[in-house]
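The values are calculated or read from the model by the stated rules, or taken from the named source; none is laboratory data. Just so you know, these numbers come straight off a predicted model, no measurement behind them. Note that each Cβ is placed from the backbone with ideal geometry, even for glycine, and that neighbours are counted across all protein chains shown. Just the protein is used for accessible areas: all its heavy atoms, side chains included, with ligands, DNA and RNA removed. Shrake-Rupley method; radii C 1.70, N 1.55, O 1.52, S 1.80 Å.
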Amino acid sequence: MATAEHPRDRARVATDEELAALLHHPSAEVLLALLDNPALDESQLCLLLERKDLPGEILEEVARRKPLLKTYRIKRALAFHARTPRLISLRLLRDLYLMDLVQLTLTPGAPAELRLNAEEQLLARLPQLPLGQKITLARRGPARVAGALLVEGHKQLVSIVLDNPNVTEAQILKALSREKLSEAVIPAISRHRKWSVTYNVRLALVRHPSSPLATILGYLPELTVSDLRELAAPGIVSESLRKYLLAEVQRRLHGREKAASGNPPPEEPPASKRE
């Protein structure tokens with residue numbers, strides 16, 4: 001009686017439906033043999049790499065075979081696979097297209113180190129990117145990349161960055177901590193429907209030397225007395241602005257004195273506006 005051929009041996013020569021079925025075989029030995037099959041094409045290999053349960057040794061072997069890495073789809077599939085060894089994934093990042101890097105930075109399940117390195121790749125490429133790609137990154141890129149574009153200050157980018165759902169308060173404050181900013185940045189933030197009413201952003205705008213006086217004066221009634229006093233300390237803001245801050249503090253104190261005689265004082269900003 002003929003002995004049944006081992007699945008490993010069939011994997012090396014299988015074609016068509018048999019080959020497609022072997023892509024789902026549980027044995028790592030069989031899957032390694034599949035990589036030696038000349039009939040295994042790019043699409044089938046990509047299907048194999050879509051398996052979430054794929055053993056790490058298969059991923060390592062694919063990465064080891066340079067002929068397989070000549071195709072972008074394979075590189076991308078390896079870089080995105082959760083079981084790809086760390087050093088292999090990091091090495092592949094430099095070959096990924098711009099929006100694939102963006103997708104990787106925004107993938108919650110991706111390792112933090114991989115996401116961080118993908119962001120670094122994007123930041124390194126920014127100076128060479130055409131405006132159209134920068135607009136795409138301003139609209140959809142991760143927070144650090146969008147923050148870098150905000151600091152860059154291109155008029156066509158600033159408002160798009162501020163609407164980016166990935167941008168955080170920390171990135172806005174980081175930009176406002178820079179003494180020199182493009183002239184488009186401060187007005188855009190002070191008019192923005194979200195950031196212009198964020199308490200800490202208002203504080204940063206009051207502190208920034210390029211903020212228009214009219215904007216600052218509109219914010220003063222919303223700031224707490226303790227923050228007004230801190231801003232009014234010598235050397236924080238210009239002397240002319242410092243006088244307005246001290247005057248606002250005095251107005252509040254006077255209001256409290258009137259309250260003691262039966263008149264209600266000006267209310268402190270609610271806690272929700274200070275957070």
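Points to keep in mind about this one:
- Hits among lysines - C-alpha to C-alpha of Lys52 under 26 Å, sequence gap 8 or more where chains match: Lys66, Lys70, Lys75
- Percent RCO, i.e. relative contact order, over the chain, from Cα pairs under 8 Å lying at least 6 residues apart: 8
- Solvent-accessible area per residue for the chain (1.4 angstrom probe, square angstrom): 55
- Residues whose amide H comes within less than 5 Å of that of His81, counting only those at least five positions distant or on another chain, are absent (H built at 1.01 Å from N in the peptide plane).
- Taking every alpha-carbon pair under 8 Å whose residues sit at least 6 apart, the range 1-58 reaches a relative contact order of 35 percent.
- The packing ranking of peptides 218-226, 232-240, highest mean first, is 218-226, 232-240, where packing means the average number of other beta carbon atoms within 10 angstrom of each residue.
- Binning all Cα-Cα separations of the range 1-103 at 5 Å, short to long from zero, yields these whole-percent fractions: 2, 12, 24, 23, 17, 9, 7, 2, 1, 1, 0, 0.
- Rounded to whole Hz, the Karplus (6.51, -1.76, 1.60) HN-Hα couplings of the range 204-215, x for glycine and proline: 5, 5, 4, 6, 6, x, 8, 5, x, 4, 4, 5
- For the chain, convex hull volume per residue from C-alpha positions, Å³: 171
- Apportionment of accessible area to carbon and sulfur, the range 98-141, percent (1.4 Å): 56
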